[in-house]
Amino acid sequence: MGETTNQIEWEIAQKRSELSDNLIELKHRAKAAVDWRSQVEERPGTMLAVAFAGGIALSALFSALRGPVKVYAQRPSGNPIEYDSPISRSSARPPGKFATATRKNLDALGGALLGIVATRTTSILDGILPGFQREFERARNSQSQI
């Protein structure tokens, strides 16, 4: 404890200055992390995957809201013919079976892409905020136990 008051004050001022610099750098990193332009420049493949997954999710959402597609054709007599789907009724598969398999595949693909995006986002946030990964895992584990 041979330090003088001036030395202690100087050390406190140094620590404050370092903390201020660290806080400014953290703000810049946080802004860069949420700026989509910088993310596209730094990680074009990941952003392409995010855009693709978003497109699949929006497509699945809007197709589910829209309902089955109706296709109309004209008979030579002028009476309309209505089909429930573009697949003809005389086809070997029932119309719903193909749509169900496609929906399951798209759901699985969307889930896989969402998992990749979540993992990448978590690792990016851990780079910006040290210790985020550990806290995220702790929160996820506590939710799974409920």
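The values are calculated or read from the model by the stated rules, or taken from the named source; none is laboratory data. Not measured: the values here are computed from a predicted model. When we count neighbours, we look across all protein chains shown, and the Cβ atoms used for this are built from the backbone with ideal geometry, even at glycine.
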Exercise for review: Starting from the range 107-134, keep only residues that are without any contact (Cβ under 8 Å) to a residue 24 or more places away in the chain, then list their pairs with residues that are surrounded by 14 or more Cβ atoms within 10 Å (Cβ to Cβ) and β-branched (V, I, T) whose Cβ atoms are within a distance under 7 Å, requiring at least 6 positions of separation or different chains.
Suggested key: Q133/T122
Point to revise | Residue, surrounded by the most Cβ atoms within 10 Å (Cβ to Cβ), within the range 75-128, restricted to residues that are at pLDDT below 55 and of a type in the set (S, T, N, Q) | key: S85
Practice item. For L58, state whether it is surrounded by 11 or more Cβ atoms within 10 Å (Cβ to Cβ), within 34 Å of the chain's Cα centre (by Cα) and modelled with pLDDT of 80 or more. Key: no
